[in-house]
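S.K.: Below is one structure. I have some questions about it.
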Amino acid sequence: MLMVAIIFFVLLFLNMPVAFAIGIASLSLFMLEPGLPLSIASQRMVTGTQSFPLLAVPFFILAGNLMNSSGITKRLIRFANALIGHIVGSLAHVSIVLSTIMGGISGSANADAAMQSRVIGHQMIKRGYAGGFSAGVIAVSSLITATIPPSIGLILYGYVGEVSIGDLFLAGIIPGVLMMIFLMVVTYIVAKKRDYDRDILTKKSTFKELIISFKESIWALLFPVILVVGIRFGIFTASEAGAFAVVYAMFIGLFIYKEMNWKTLIESVRQSVVDNATILLIISTSSILGYLITYERLPQNAADFLLGVTSNSTLLLILILIFLLLAGMFIESTVLVLLLTPIFLPIIQQIGVDPVHFGILMMTIVTFGGMTPPVGVTMYTVCYLTDVPIEDYVKESLPFYAGIILLIALLIFVPSISLFLPSLF
Amino acid sequence: GSGESKTSGNNGSGSEGESYTLKLGTALTEGDPIYDGLVEFSEAVKERTNGKVTIEIFGSGSLGEDNDIVEQAKTGANVAVLVDSGRLADMVPEIGVLSAPYIVDNFDEANKVAQSDLFKEWSDKLANEHNLQILSFNWYQGERHMLTNKEIKTPEDLEGLKIRTIGAPIAQKTMKALGMSPSGIAWTEVYPGLQQGVIDAAEAQHPATYGANLHEVVDYITKTRHFQLITGIVAGADWMENLPQEYQDIIYEEAQKHGEQASRKTEKSLEEYEQKMIDEGVTVNEVDVEEFKALTDSVYSEFDGYQELRNEINNILGK
Amino acid sequence: MTLNAFVQSYIKAENFITNFLMLSVVFFVFIAAVMRWAGSPIAWSVEIAQLLFVWLIFLGANRSLRENRHIGVDFFVKKLPSKIRNVLDILIYLLILAFLLFVSRFGILLSIENYVRQLSSLSISYAYISASVPIGCFIMSITTIGKIWEKISTLGSPKH
Ligand code: NA
Ligand code: NA
């Protein structure tokens, strides 16, 4: 397994596309392991793409592209500016608030980040925000989307660990909102220091201006509302919501705003095909790696080791969470949930930690891993879609990482933040 | 048949000095009586082979989807999987009759069929033509019931409900025969799907219902018992044959023994699961199963030879 | 037809097919939800969407390869002189080519060997899904050969 890691890093630093670097590094192990027929590599590449919730990714990429060509974005940003344009770093705040609203619609951080990269990313850079800062705020704030229900990760955790999914969902709400506040504070501090928006902000808009831009963007604002209502009333599932988003964006663009034509429509589709394939090819080859990690029982061995280290319960919880943080930096979050929940949950319960509380911590941490180097699907997605070099992203994301880690620490020591709502219902 | 990628770590020269590892995948999770039975099976094999044969259990579907593991075993990987007969029906259609509605009434009957010469015939065909070896087919997971928010008293109450069921054609046809519309939804979406009314119904055995917390989002569990979920462990036939004969015998014996034991535990646990769910607010209703059974008769005529197979099975059971 | 004309018409076809697949996946999932809501669900909708999706990915991946859109980390190599970079790129492409050929060979064997595996609610072979990877990888390997050829030509010409 060490060999796989070394090959991966060497190839990565030689500028081989990530998807192939992961695939080739994984294949090297197949050559050495006689129990593994090579055909499994191909099989894993197929099955890596065969999860229905994954469909949300292309849908929200396409919806994001269509929202641009349909004129929805333009109006949404205009409205958000009228609303919070007077706060320093306004577009970054818009991204954070939008992720919170999207949290009620989408269960996938990656889909949210992909859409926002298209919708707000370029506008932020155009306005003079650093590329790394823009990509960082979009990627890290998408963690809010994965924390606020519905959340695909929490559903998986509840399923594997036999923990009430209803309780998990309730437990995610307050941490999600806190995350929004934490990230807005970080954004404010950074933007203030950098003097962002200096030329743009003049004054708070008048109530009348606000109403005008509200009316203008009503169809765009209805977008999340319609999705929420659609899911609530059982018209479509969270995974299908993306398809509705696409159809809705097309409808608005073609018939309401009338800014879209056949040419811009096809251009959006073309763009989305390439975006989608690029991202999904990484997920596809990563699932070869995921299989090897499972096959070699890597997480279990690491966990066994961890339990040998200490018997102090708080220390053990923190050690487990640090382990998850490190594992999350390399391994896809769903893989970790499936593998590690059955191992860690019994230990956690033994040392008196509430499984719902642990679920929120675990999901936040492993999903956060997707936003950190060296392997992070959300990070790659956002950097790719915003054309920001990974190294800039990493450097500029550090304050956001700090905000998230601070919040996680708060959640660890004050369990009632997560457990308050489930205890009410 | 077996491919050219046939490898198993010892090039067919199996001897008792060597060590072997089989990776056994299942969608079940720890705490399920069948899962625990698999662990005991693995421990027993390890002990009797003096640690030379290790069976590693991979729960919660972590080794992959059942169908994918079947495919891996087929191509010679050192993997095995716990599957229902529906998954094997693509290869040996006859075996799928065990997934037909009301084919048997309980574990004892299912077990009797699994020990019969008829079953042996199917299992040989699977090994010879598809390189898949059944270790034992007596792992009983329970009877499947209807989960709804509407009270079900007669089959008419099911009319028009959108239900999530297993993908296998026989399950889909059974639901249609009961008047429902089967709807393609992933298992992970059943919980929110029921909660939000995307689907009106699901069907599952008690341990799975409880495991996925579905009792939180339905008001009624109606004991229709339409499927008896009997499963078996399947490994690559070449891989198994490559083991020293003594080890093979130990594996078959222990799989048989622990399958039976775990199934008995499941039978007992079904009541406990039911009580737990009742305590958490679900209404569990009995119905006249015969009415439902009569409706599903038509399913048998939609699959080649299933009518005859049912007669043969009834003969074995003396019915 | 010259080779170039053939390549051009292939690219046109691939663009059309992938665009079409993208819209079809949306269409099927959308229609499935609408039909289910209207009371007559389509059981095979999920499977057909996933079938089209996997082809969309692997045919689209070739498009992405052709347009040099796959994500990499050029932080270290961008400091190298262009000649060395070109040689390095050729080596990287050769490795990718080997990977793609491996996956396509073993993938196609798997699809053939397990042709009996059925898609559960559509009565067709699972090979219609599993063949997407080897076929996609094979097409990508041809594109990769083209890329290597391009790089070698650049090496040969003193202009660059
Ligand atoms: Na955001
Ligand atoms: Na969410």
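S.K.: State whether one or more residues within segment A:86-104 are outside any helix (DSSP H, G or I), within 16 Å of ligand 2 (Cβ to nearest atom) and either open to solvent by 20 Å² or more (accessible area, probe 1.4 Å) or at pLDDT below 80 (or both). Walk me through it before giving the result.
M.R.: Applying the first criterion (outside any helix (DSSP H, G or I)) to segment A:86-104 yields A:86-89, A:104.
Add one more test, that the residue is within 16 Å of ligand 2 (Cβ to nearest atom), and what stays is A:104.
Cutting the leftovers down to either open to solvent by 20 Å² or more (accessible area, probe 1.4 Å) or at pLDDT below 80 (or both) gives us A:104.
Yes, some residue in segment A:86-104 is outside any helix (DSSP H, G or I), within 16 Å of ligand 2 (Cβ to nearest atom) and either open to solvent by 20 Å² or more (accessible area, probe 1.4 Å) or at pLDDT below 80 (or both).
S.K.: Sticking with this structure for a sec: Within segment A:334-367, how many residues are closer than 18 Å to residue A:413 by Cα, open to solvent by less than 10 Å² (accessible area, probe 1.4 Å) and under 20 Å from the mean Cα position of the chain (by Cα)?
M.R.: Adding up the residues that qualify gives 7.
S.K.: Go through (1) surrounded by 21 or more Cβ atoms within 10 Å (Cβ to Cβ); (2) more than 9 Å from chain A (Cβ to nearest Cβ); (3) within 30 Å of residue A:15 (Cα to Cα) for residue C:43 and report which single condition fails.
M.R.: (3)
S.K.: Do you know which residues across segment B:45-67 are open to solvent by 20 Å² or more (accessible area, probe 1.4 Å) and either farther than 30 Å from residue C:112 by Cα or in a helix (DSSP H, G or I) (or both)?
M.R.: If the condition is that a residue be open to solvent by 20 Å² or more (accessible area, probe 1.4 Å) and either farther than 30 Å from residue C:112 by Cα or in a helix (DSSP H, G or I) (or both), then B:46, B:47, B:48, B:50, B:51, B:52, B:54, B:66, B:67 are the ones that fit.
S.K.: Run residue A:258 past the list (1) part of a helix (DSSP H, G or I); (2) surrounded by fewer than 20 Cβ atoms within 10 Å (Cβ to Cβ); (3) not aliphatic (A, V, I, L, M) and report the number of the one that doesn't hold.
M.R.: With respect to (1) part of a helix (DSSP H, G or I); (2) surrounded by fewer than 20 Cβ atoms within 10 Å (Cβ to Cβ); (3) not aliphatic (A, V, I, L, M), residue A:258 is out only on (1).
S.K.: What pairs can you find where one residue is in segment C:62-79 and within 7 Å of another protein chain (Cβ to nearest Cβ), the other is open to solvent by 20 Å² or more (accessible area, probe 1.4 Å) and of a type in the set (Ser, Thr, Tyr), and their Cβ atoms are less than 7 Å apart, with a gap of 6+ or different chains?
M.R.: Here the result reads C:71/A:384, each pair linking segment C:62-79 to a residue that is open to solvent by 20 Å² or more (accessible area, probe 1.4 Å) and of a type in the set (Ser, Thr, Tyr).
S.K.: Output the residues belonging to segment A:277-333 that are open to solvent by 60 Å² or more (accessible area, probe 1.4 Å) and either in a helix (DSSP H, G or I) or touching a Cys at 6+ places or on another chain (Cβ under 9 Å) (or both).
M.R.: Of everything in segment A:277-333, those that are open to solvent by 60 Å² or more (accessible area, probe 1.4 Å) and either in a helix (DSSP H, G or I) or touching a Cys at 6+ places or on another chain (Cβ under 9 Å) (or both) turn out to be A:298, A:301, A:304, A:305, A:307, A:308, A:309, A:314, A:315, A:322, A:326, A:330.
S.K.: Now for a separate question. Among the numbered criteria (1) assigned to a helix (DSSP H, G or I); (2) under 30 Å from residue A:336 (Cα atoms); (3) more than 16 Å from ligand 2 (Cβ to nearest atom), which one does residue A:213 miss?
M.R.: That leaves (2) as the condition not met.
S.K.: Follow-up question, since we're still on this one. Name the single residue, out of those in segment B:68-87 being open to solvent by 10 Å² or more (accessible area, probe 1.4 Å) and modelled with pLDDT of 90 or more, that is nearest to the other protein chains (Cβ to nearest Cβ). Step through it out loud before you land on a result.
M.R.: Restricting attention to segment B:68-87, the residues satisfying the condition of being open to solvent by 10 Å² or more (accessible area, probe 1.4 Å) are B:78, B:84, B:86-87.
Subset that is modelled with pLDDT of 90 or more: B:78, B:84.
Values: B:78: 4, B:84: 12 Å.
Here the answer is B:78.
S.K.: Examine segment A:153-168 for a residue that is more than 16 Å from ligand 2 (Cβ to nearest atom), in a helix (DSSP H, G or I), free of Cβ contacts under 8 Å to residues at least 24 places away in the same chain and within 12 Å of chain B (Cβ to nearest Cβ), and state whether such a residue exists.
M.R.: yes
S.K.: Based on what the data block shows, is residue B:87 within 23 Å of residue A:43 (Cα to Cα) and among the basic types (Lys, Arg)?
M.R.: Numbers: within 23 Å of residue A:43 (Cα to Cα): yes; among the basic types (Lys, Arg): yes.
The answer is yes for residue B:87.
S.K.: Another question about this same structure. Out of segment B:192-207, which residues are buried (at least 22 other Cβ atoms within 10 Å of the Cβ) and either hydrophobic (A, V, I, L, M, F, W, C) or within 22 Å of the chain's Cα centre (by Cα) (or both)? Write out each step before concluding.
M.R.: The initial filter retains those residues of segment B:192-207 that are buried (at least 22 other Cβ atoms within 10 Å of the Cβ), namely B:192-194, B:198-204, B:206-207.
Across segment B:192-207, the qualifying residues are B:194, B:198, B:199, B:201, B:202, B:203, B:204, B:206, B:207.
S.K.: Would you check which residues across segment B:99-123 are among the basic types (Lys, Arg) and touching a residue at least 24 places away in the same chain (Cβ under 8 Å) and list them? Spell out how you get there, then give the answer.
M.R.: Kept after step one, since they are among the basic types (Lys, Arg), are these residues of segment B:99-123: B:112, B:120.
Hit for segment B:99-123 is B:112, nothing else.
S.K.: Residues in segment A:121-128: is at least one within 16 Å of ligand 2 (Cβ to nearest atom), of a type in the set (D, E, K, R) and either within 14 Å of chain B (Cβ to nearest Cβ) or touching a helix residue (DSSP H, G or I) at 6+ places or on another chain (Cβ under 9 Å) (or both)? Can you show your working first?
M.R.: Pass one, segment A:121-128, residues within 16 Å of ligand 2 (Cβ to nearest atom): none.
Checking segment A:121-128: not a single residue is within 16 Å of ligand 2 (Cβ to nearest atom), of a type in the set (D, E, K, R) and either within 14 Å of chain B (Cβ to nearest Cβ) or touching a helix residue (DSSP H, G or I) at 6+ places or on another chain (Cβ under 9 Å) (or both).
S.K.: While we're looking at this one, here's another question. Restricting to segment A:95-151, name every residue that is under 11 Å from the mean Cα position of the chain (by Cα) and away from ligand 1 (no atom under 11 Å from the Cβ).
M.R.: Correct list: A:106, A:107, A:108, A:110, A:111, A:146, A:147, A:151.
The values are calculated or read from the model by the stated rules, or taken from the named source; none is laboratory data. None of the values given here were measured: they were computed from a predicted structure. Quick reminder, even Gly has a Cβ in these numbers, built from the backbone with ideal geometry, and neighbours come from all protein chains shown. Surface accessibility is based on the protein's heavy atoms, side chains included, excluding ligands, DNA and RNA. Shrake-Rupley method; radii C 1.70, N 1.55, O 1.52, S 1.80 Å.
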